[in-house]
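The values are calculated or read from the model by the stated rules, or taken from the named source; none is laboratory data. Here the structure is a predicted model, which means the values were calculated and not measured. No Cβ is skipped: glycine too gets one built from the backbone with ideal geometry, and neighbour counts run over all protein chains shown.
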Amino acid sequence: MASTQTETQPSVATHDVTNQPPPLAPYDSSDDTALLEGLRREGARWAEKEIRRLGAHAGSAEAQEWAEQANVNEPVLRTHDRYGNRVDEVDFHPGWHHLMRAAVGAGLAGSAWADERPGAHVARTAGGLVWGHTEAGHGCPTSMTYAAVPTLRAQPELAKVYEPLLTSREYEPGLRVPTEKPGLIAGMGMTEKQGGSDVRTNTTTATPTGEPGVYTLRGHKWFTSAPMSDVFLVLAQAPGGLSCFLVPRVLPDGSRNTFRIQRLKDKLGNRSNASSEPEFDRTVAWLVGPEGRGVKTIIEMVNCTRLDCVMSSATLMRKTLVEAGHHARHRSAFGARLIEQPLMRNVLADLALESEAATTLTLRLAGAADRAVRGDAGEHAFRRIATAVGKYWVTKRGPAFTAEALECLGGNGYVEDSGMPRHYREAPLLSIWEGSGNVNALDVLRALGREPGAADALFAELALAGGADARLDSAVAALRSELPRADQLSARRLVERMALALQASLLVRHAPRPVADAFCATRLAGDWGHSFGTLPPGTDLDAILERALPDHG
C-alpha cells in the first residue's frame, strides 16, 4: 500500500523567503543625532534643512541604484579612436554622472569657497557625511575640486578665470574648452612611481616656453584619479625646483593637451572611480605659485583632502552601522531578534561609540577649517595638527569597524549584493590616500617640532573638558609627559593617544553621559577587549543604541 504521508503535509514552497530583512532603502542618511548636533554646534544650523533633504535623497532607492550601477559597470579607458588617433577618454556609466551631478549640485565640490556664510565648509562636510551613503568613488573628484580652489589662489590671475567655474554647482561631463563650460572638475597629479609620497624625488620636468608663466611638462605620473577632470594641479621640476602647475585637458584654442593615459589602475576598491597613469610630453601648463615652492603651494590642498579622508571614513562607519542595525532589527535567531540579544547589543553599541566619535571629530575639524580660512589664528593652529591626527586615527579604525559591521550580517554580509563587501574594500583606501599612516604620524611630529603653536592649540582644546572626567584628565597628563620624548619610533603611539584624547574630550563636552562614559572607560581607561563588542558590564547599552539607531517602527 502506498504511503499517503506527502498528501497530509502542508504545501510550502521551498523558495519562500522568511526571516530576512526588508530592503533598507528608502531611508534618511541624515537621521543621525550626532551629525545634526555637530552641524549646529559648528556654526551651520542654517544648512540643516538642505542636509535633511540630501539625506533623504542619498537613502532613496534611486540613488542607491546609481551607486550600485556605477560600481558594477566600471570605467572603461579608450586610448584611440577607430582611426588610430589618441583620444584618451574614460567612459563612465550614467549612474556615475547622476551621482556627480547630485553631489556638485548639493555643493560638495568647490562651492563652499564662494559662500560667505560662516559654517559653509561645515555644511559641505555634513553634506558629504550624508551623501556618502551612496558610494565613495565619486567623492574623489568632488574632494579634489574642493581642495584645488585655495591652491589656485596662489596665482590670482588663474584663480580669477577658473575659481568661478570650480565653485559652480553645475556638472557637465565631457572634454571641451574649460572656460566654455558652466562648471569644472579638478584633479591632481602629484605622485610618481619612484617616490610616492616623497614628491621631492619627482622627475617630471617643466620647461619655460618664454611666455610668462607658461611651461611644457614631460614625465609620467603614477596615481592620478578622475582623469576625465577638466583641469589638474601637477607637481614638476622647474629650473627653480619642484613647482606646482595647472594643466587643462583642453587648451584655450580647443585642441587637446597631451595627456596620454597609459592604463587604469586595477584597485582593491573604489572601483567606480578611474585612477590612471598619465604621461606628459610637451604638455602645456601654467605655473601656480613661485618656482621651487610646489610643496608649500599645495599644502592647503592637502589639508582639505585629508579632512575629506576623515569624513569619508566616518561616513563608511555610519553607513555600515546603519546596515548592521537594520539587519539586526529584522533578523531573528535562537528565539529572539538579533538586536534584542545581549552580545549583539554590545557589538552594535561599541560600533556606535566609534561612529559617533569619528563623526564628532570630523565636524570639529570642519569647524576649525571654516574658521581658519576666515582668519582665526588659533583655529588655524588647531587645524594644522588635529587634521593630521584625525586622518591617522579615524582612517585606521575604518577597516576593523567595517569588518565587524559586515560580520553582524553573517554570511549575508559576505555576499556582494549586500553591499558590505564594497564598503569593506573601500575602507583601507582612506588610510592610504593623501599620505599613509606613517606619513601622517610623521607630519604630526613635524608640526610639533616646527610649529609650537600647534601643540598649544591641541592642549587648549583638550583643556575645555578639563575636570569633567578623571580618565580624560589622566590621559591628557600622560600625553603632555610623552611629548618631550616624541620620535619616529613612538610617533604612532603618540598620535593614537592624541586622537583618543581629542575624541574623548569632544564626547565629554557634547555627548550624553552614557556615550562619553563608555568611551572614556574603554578607549582611555582600558576597560575593553581587543575587538568590538567588549564593552564592560554596567555600560548603558540602551541609551547608546537609542541615540545611534532609534527604532522608528
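Residue under question is residue 70, and the condition is that it be modelled with pLDDT of 95 or more, surrounded by fewer than 22 Cβ atoms within 10 Å (Cβ to Cβ) and closer than 20 Å to residue 419 by Cβ; does it hold? Considered against the rule, which asks whether it is modelled with pLDDT of 95 or more, surrounded by fewer than 22 Cβ atoms within 10 Å (Cβ to Cβ) and closer than 20 Å to residue 419 by Cβ, residue 70 comes out as no.
Taken as a whole, segment 75-95 holds at least one residue that is surrounded by 18 or more Cβ atoms within 10 Å (Cβ to Cβ) and in a helix (DSSP H, G or I).
Residues are listed down the side, and each one gets a yes or a no for (1) touching a residue at least 12 places away in the same chain (Cβ under 8 Å); (2) not assigned by TED's automatic domain parsing to the domain that holds residue 145:
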| position | (1), (2) |
| --- | --- |
| 252 | yes, no |
| 262 | yes, no |
| 265 | yes, no |
| 275 | yes, no |
| 323 | yes, yes |
| 331 | yes, yes |
| 334 | no, yes |
| 355 | yes, yes |
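You will find that of 319, 296, the residue that is outside any strand (DSSP E or B), out of contact with any helix residue (DSSP H, G or I) (no Cβ under 6 Å at 6 or more places or on another chain) and buried (at least 24 other Cβ atoms within 10 Å of the Cβ) is 319 and no other.
Condition (residue is at pLDDT 95 or above, more than 27 Å from residue 185 (Cβ to Cβ) and among the polar types (S, T, N, Q)) applied to segment 22-44: is it met by at least one residue? The answer is yes, given that some residue of segment 22-44 is at pLDDT 95 or above, more than 27 Å from residue 185 (Cβ to Cβ) and among the polar types (S, T, N, Q). Checking the structure you have, find out if any residue of segment 364-372 is farther than 25 Å from residue 519 by Cβ, charged (D, E, K, R) and assigned to a helix (DSSP H, G or I). Within segment 364-372 (the criterion being farther than 25 Å from residue 519 by Cβ, charged (D, E, K, R) and assigned to a helix (DSSP H, G or I)), the answer is yes, since at least one residue qualifies.
Can residue 238 be described as in contact with a strand residue (DSSP E or B) (Cβ under 7 Å, 6 or more places away or on another chain) and closer than 24 Å to residue 293 by Cβ? When the stated conditions are applied, residue 238 passes them. Looking at the structure I just gave you, is residue 66 touching a residue at least 40 places away in the same chain (Cβ under 8 Å) and more than 18 Å from residue 123 (Cα to Cα)? So residue 66 passes the test. Each residue in segment 322-351 was checked for being surrounded by 21 or more Cβ atoms within 10 Å (Cβ to Cβ) and either part of a loop (DSSP other than H, G, I, E, B) or at positive phi (or both), and 0 of them qualify.
Would you confirm, using the coordinates I've provided, whether residue 170 is modelled with pLDDT of 95 or more, over 25 Å from residue 38 (Cβ atoms) and either in the same structural domain as residue 427 (by TED's automatic domain parsing) or not in a loop (DSSP other than H, G, I, E, B) (or both)?
So residue 170 fails the test.
List the residue pairs whose Cβ atoms are under 6 Å apart, where the first residue sits in segment 524-539 and is farther than 16 Å from residue 344 by Cβ and without any contact (Cβ under 8 Å) to a residue 60 or more places away in the chain, the second is surrounded by 13 or more Cβ atoms within 10 Å (Cβ to Cβ) and of a type in the set (S, T, N, Q), and the two are 6 or more positions apart or on different chains. Matching pairs, first to second residue: 528/522; 528/534.
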